[in-house]
Amino acid sequence: AQSVTQPDIHITVSEGASLELRCNYSYGATPYLFWYVQSPGQGLQLLLKYFSGDTLVQGIKGFEAEFKRSQSSFNLRKPSVHWSDAAEYFCAVRYSSASKIIFGSGTRLSIRP
Amino acid sequence: GAVVSQHPSWVICKSGTSVKIECRSLDFQATTMFWYRQFPKQSLMLMATSNEGSKATYEQGVEKDKFLINHASLTLSTLTVTSAHPEDSSFYICSARLGGEIAETQYFGPGTRLLVL
């Protein structure tokens, strides 16, 4: 079955440190990949998306993600995190053959002062 | 752009009553909207796909008579939880699809927290 895996349930990083959140998707048709962020009690905000072209995509709030087809990965990165980045992050994939988005289980990011 | 609103943001109701949640796309038209349910510390679970002018498509295991979906216009979809029970308490999130089939992106509402007493 098509799926998205976020292996890290909870990550804590120090403010100002770099961040990488991992995401792997199961092999399928052409993947369309997304990263969303959810603050407590809020809906999801789109950080960035990859459909085609340059495999390194830039998003809002200083985030970027790199699509690596050979590794079926779409990891999210940020060079220097801020306390306001503390939230839940969801990786998601949609395959060209379907319109449903499949979400990963999420990674909770905590920021150490 | 691409703003989606939900109303109400939270609701408390008595067991046995019905609750209606609205999802609106504020600055774009959406022929397709989605309804999700999210349990604490879990990911989103797709409940149904709402199509303007036609019946909603429900995911396996979701009771269509329990969760009534109406998508009467290109900017509004409603989810009615009928005869709500405490186990229906959850965070309900809608999203609206923007873009053509290839380039579509879902934009999410802020969610509605439902507590059934």
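The values are calculated or read from the model by the stated rules, or taken from the named source; none is laboratory data. Bear in mind the structure is a predicted one, so any value in this text is a computation, not a measurement. Heads up, the Cβs are rebuilt from the backbone with ideal geometry, glycines too, and the neighbour counts pull from every protein chain shown. The protein model used for the area step is the full one, side chains on, heavy atoms only, and it has no ligands, DNA or RNA in it. Shrake-Rupley method; radii C 1.70, N 1.55, O 1.52, S 1.80 Å.
Of note:
- Using Cβ point charges alone (K and R +1, D and E -1), the dipole size of chain A about the Cα centre works out to roughly 220 debye.
- For the stretch A:66-113, the alpha carbon convex hull comes to 100 Å³ per residue, rounded to a whole number.
- For the stretch A:1-91, the set of chymotrypsin sites (Phe, Trp or Tyr not before Pro) satisfying both a DSSP loop assignment and a count of at most 10 other C-beta atoms within 10 Å is given as A:Y27.
- Highest to lowest packing among A:11-19, B:81-89, scored as the average C-beta count within 10 Å: B:81-89, A:11-19
- Look at the stretch B:38-49: the mean tally of other chain Cβ atoms within 10 Å of its residues' Cβ atoms is 4.
- Peptide A:40-50 has a mean shielding of 5, counted as Cβ atoms of other protein chains within 10 Å of each residue's Cβ.
- The residues of the stretch B:14-117 expose on average 48 square angstrom of accessible surface per residue, using a 1.4 Å probe on protein heavy atoms.
- Ordering A:I101, A:G16, A:C91 by the projection of their Cα atoms onto the charge dipole of chain A, which places +1 on the Cβ of Lys and Arg and -1 on the Cβ of Asp and Glu, puts A:I101 at the extreme positive end.
- The alpha-carbon atoms of chain A define a convex hull whose volume equals 98 cubic angstrom per residue.
- Average accessible surface for the stretch A:11-76: 46 Å² per residue, computed with a 1.4 Å probe over protein heavy atoms with every protein chain in place.
- If you wrap the tightest convex hull around every Cα atom of the protein assembly as shown and split its volume per residue, you get 124 Å³.
- Heavy-atom accessible surface that A and B bury in contact, both chains counted, 1.4 Å, Å² to 100: 1600
- Euclidean distance between Cα centres, the stretch B:64-106 to the stretch B:1-58, Å: 3
- Unpaired cysteine residues in chain B (no second Cys Cβ under 4.7 Å): B:C13.
- With all protein chains in place and a 1.4 Å probe, the accessible surface of chain B carries 54 percent carbon and sulfur.
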